[in-house]
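Here's the structure we're looking at; comments come further down.
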Ligand code: DAT
Ligand code: MG
């Protein structure tokens, strides 16, 4: 079993898509280990996305992620990291495959509805950034 970290980003949550996204997560066979709604500050969003701090889109990204509440998730499945990124689709919703969640719920590369960890080390960092062990029983 493997765990990954996911976020229903402010655009998708505000649009009322959380329920449909959670249903798709369950249908795909993930177990929901952790879940909470959270409204990030810009500093907290910057800590989460620290690997992108030198990118030109960093200020827009942290501004967007702190603009409204989101839902943070810990998902468990065999190959959870790869499988969640496959279900999300490409970063740019316009390039995401038909049937993927970003294709359905994203509207632009910066407003792409969902986050997913990209490797075991980033999944461990991101899960620990948002959840304590006691919240993941
Ligand atoms: P992903 O979320 O698919 O792992 P990433 O880690 O490269 O993609 O980037 C993190 C987020 O930053 C991404 O979900 C949306 C935003 N982003 C990435 N590239 C961007 C760009 N060229 N312009 C605006 N926002 C971008
Ligand atoms: Mg990434």
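Readers should treat all values here as calculations from the given coordinates under stated rules, not as data from a laboratory. All figures in this text were calculated on a predicted structure; none of them were measured in a lab. Backbone-built Cβ (ideal geometry, glycine too); neighbour counts: all protein chains shown.
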* Asked: Hey, what did segment 2-135 get for relative contact order, percent, Cα under 8 Å, at least 6 apart?
  -> 36
* Rank these for me by crowding, 30, 64, going from fewest to most other beta carbons within 10 Å. => 64, 30
* Structure fact -> Shape descriptor, the chain: equivalent ellipsoid semi-axes (Cα gyration tensor, sqrt 5λ, whole Å, largest first) stand at 20, 18, 14
* To do: Return 54, 97 ranked ascending by Cβ neighbour count within 10 Å, so the fewest neighbours appear first.
  => 54, 97
* Rounded to the nearest 500, what is the chain's calculated 222 nm mean residue ellipticity when only DSSP H runs of at least 4 contribute -39500 (n - 2.57) each, over all residues? -> -10500 deg cm²/dmol
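Rounded to the nearest 0.05, what FRET efficiency do residue 23 and residue 50 give with R0 = 35 Å and r taken as the Cβ-Cβ distance? Could you check?
Efficiency, rounded to the nearest 0.05: 0.65.
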* Structure fact -> Gyration tensor on Cα atoms of segment 29-81, a ≥ b ≥ c root eigenvalues, a/c under 1.5 rounded, else prolate if a/b beats b/c, else oblate, says oblate
* Based on the Kirkwood radius over alpha-carbon pairs, what value in µm²/s does the Stokes-Einstein equation return for the translational diffusion coefficient of segment 7-59 at 10 °C and 1.306 mPa s? -> 121
* Structure fact -> When 111, 53 are arranged by how many other beta-carbons sit within 10 Å of their Cβ, fewest first, they go 53, 111
